[in-house]
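What follows is one structure encoded as structure tokens, with my remarks underneath.
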């Protein structure tokens with residue numbers, strides 16, 4: 001699943017090296033992402049809307065439900081180490097009812113193919129993102 005979601009809740013794709021858990025702030029990253037995508041949509045509306053229409057189509061429930069598709073996205077994100085994607089999709093997975101355990105197990109599937117870097121991004125970004133969003137939800 002691409003590093004994206006419905007318009008207004010999407011992200012730019014970042015393959016930069018992880019910044020470290022102490023500096024990664026998923027809610028802040030998500031807010032910056034939404035702002036950047038809004039500005040990009042103002043410049044290239046057809047392109048941005050067309051891309052997110054596609055994302056909406058492949059993300060819709062079918063043989064797999066939405067939560068399962070988000071967990072698959074989490075594994076792909078951990079493999080690619082996309083910080084913006086983490087901010088978006090961890091939040092979305094929690095919204096869809098995924099547990100901390102669900103998200104971490106999906107992320108750690110990436111280590112089968114991505115090894116240590118996938119383990120590192122899970123520890124330094126995905127786990128803190130889960131915990132930050134859970135605090136925002138009152139510890140859920």
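Here, each number is a calculation from the coordinates, and none is a lab measurement. In this text, all values refer to a predicted model and were calculated from it rather than measured experimentally. For neighbour counting, all protein chains shown are included, and Cβ atoms are generated from backbone atoms with ideal geometry for every residue, glycine included.
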What ranking, highest mean first, results for peptides 87-99, 42-54 when packing means the other Cβ atoms within 10 Å averaged over each residue? 87-99, 42-54
Using a 7 Å offset from Cα along Cα-Cβ at residue 66, what residues in the stretch 94-114 end up with backbone N under 17 Å from the label point? 94-99
Dividing the convex hull volume of the alpha carbon atoms of the stretch 26-136 by its residue count, what do you get in Å³ per residue? 101
